Structure formats: structure tokens, C-alpha cells
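Trainee: A single structure is presented below for examination.
The values are calculated or read from the model by the stated rules, or taken from the named source; none is laboratory data. All figures in this text were calculated on a predicted structure; none of them were measured in a lab. Note that we place each Cβ from the backbone using ideal geometry, even for glycine, and neighbour counts take in every protein chain shown. Ligands, DNA and RNA are excluded from the accessible area calculation, which covers all protein heavy atoms including side chains. Shrake-Rupley method; radii C 1.70, N 1.55, O 1.52, S 1.80 Å.
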Amino acid sequence: VLRNADAAAVVYQERRYAANVVDSMVDRDLCLLSVDGLRAPVVKTVSTNDIRVGQKVFALGAPHGLELTFSEGIISSLRKTADSPIIQTTAPISPGSSGGALLSKDGTLIGITTMQMIQGQNLNFAIPVDMMRFFPSFPICLK
């Protein structure tokens, strides 16, 4: 998705803001945006070390363009891949939801939704928020 992006915008409280890409990891389809004029609260984050299999989570995304779609699930597994961990969840992540938030029940950001495996049911994945620390200008501090 990021590789083909030509412009960015953020919608907050029904207002659209232009966004600029500050940093990116194209191989992970992650980017850090700067949004001029947006005054929003800083989201709390948590390390992957502090989340557990079976924990209730919520995915926020825009599947098929349906903005602010909220779904519920659990963390199914914390998987290790060749170069980084990944969160497996039962919270539905449909096409268009990539880049959305995976949140705990108290609204803490756990991960960034990334993909689903269409060969099975409830095989959805998120990149742990820990990966965002690799952006030099990442403004959110992990607790």
C-alpha cells in the first residue's frame, strides 16, 4: 500500500488534515506521518512483552472504505518471524483496514493492523507497536 501511495490525509473528529510522510518502512508497509494543525491526545502504547495470548483486543480500520469500523477479538498468538514478531488476532482485519489500530480494552495501542490470511478463518495479523521505535522521530513513548 505504502509503495503506491501518492498523498496522505488524516481524518479526526470529522475534519480532514493533510499529512506528510516523515519516515517509512516500505517492506513492513509502515510510515510515520506529520499532521500540521492536528491537536489530538497522545495515544498510550504498550510493549509486546506486556500483552498476552487470550487478551481481548479491538481493531479500528476502514475495510473497503467503511471508515471507523470497530471490531472485537482476542490475541490468538504472538508469532516470531525471521526478522520480527507479529501479533495474530481474531479481530477481523479486512482489505482497507491495513494501517489501523489494534487496541487493548483500555484504548492502549498494541499494534498496527497489517493483513489477513484468506486461506483460513480469523487469521488476522498486526505489527507490534514496538516496531515503531525504529523510526528515529517516533513521538510516542513506550511505558
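Trainee: Could you do me a favour and compute the accessible area per residue for the chain, 1.4 Å probe, result in Å²? Working shown, then result.
Mentor: Values: 8940 Å² over 143 residues.
The answer is 63 Å² per residue.
Trainee: Setting aside same-chain residues fewer than 8 positions from LYS44, which aspartates and glutamates have a Cα under 15 Å from its Cα?
Mentor: Leaving aside aspartates and glutamates fewer than 8 places away in the same chain, those within reach of LYS44 are ASP106, ASP130.
Trainee: Continuing with this model, one more query. For the pair MET115/VAL42, report the inter-label distance in nm, with labels modelled 7 Å from Cα in the Cβ direction.
Mentor: 3.3
Trainee: Considering all projection directions equally, how large on average is the shadow of the alpha-carbon convex hull of the chain, in square nanometres? Working shown, then result.
Mentor: On the way: hull surface 34.8 nm².
Taking a quarter of the hull surface, the average projection is 8.7 nm².
Trainee: Same structure again: Go through HIS64, SER76, ILE93 and say which Cα lies farthest out towards the positive end of the charge dipole of the stretch 1-131; charges sit on Cβ, +1 for Lys and Arg, -1 for Asp and Glu.
Mentor: Going by the charge dipole, the pick is SER76.
Trainee: I would also like to ask the following. Report the extension gain between ARG16 and ILE74 in nm, rounded to one decimal, defined as 0.36 nm multiplied by the number of residues separating them, less their alpha carbon distance.
Mentor: Details: separation 58, 0.36 × 58 = 20.88 nm, distance 3.12 nm.
Full extension of this stretch gives 17.8 nm more.
Trainee: Separate question: How much length is gained on full extension from VAL26 to ARG133, taking 0.36 nm per residue of separation minus their Cα-Cα distance? Could you put the intermediate results ahead of the total?
Mentor: Numbers: separation 107, 0.36 × 107 = 38.52 nm, distance 1.54 nm.
Residue separation times 0.36 nm, minus the Cα-Cα distance, leaves 37.0 nm.
Trainee: Let me ask something else about it. Is there a quick way to get the dipole size of the chain? I mean about its Cα centre, with the Cβ of Lys and Arg at +1 and of Asp and Glu at -1; what is the value in debye to the nearest 20? Please report the intermediate quantities before stating the final value.
Mentor: On the way: 13 positive and 12 negative charges, 70 e Å.
For the chain, the charge dipole is close to 340 debye.
Trainee: Round to a whole number: what % of the accessible area of the chain belongs to carbon and sulfur, probe 1.4 Å?
Mentor: Working: 4720 of 8940 Å².
Here carbon and sulfur together make up 53 percent of the probe-accessible area.
Trainee: The stretch 42-121: Rg/Rh from Cα coordinates, Kirkwood Rh?
Mentor: Values: Rg = 12.0 Å, Rh = 12.8 Å.
Looking at the stretch 42-121, the ratio lands at 0.94.
Trainee: Relative contact order of the chain: what whole-number percent is it, with Cα pairs under 8 angstrom and at least 6 residues apart? Don't skip to the answer; put the middle values down first.
Mentor: On the way: 308 pairs, mean separation 30.0, N = 143.
In percent, rounded to a whole number, it is 21.
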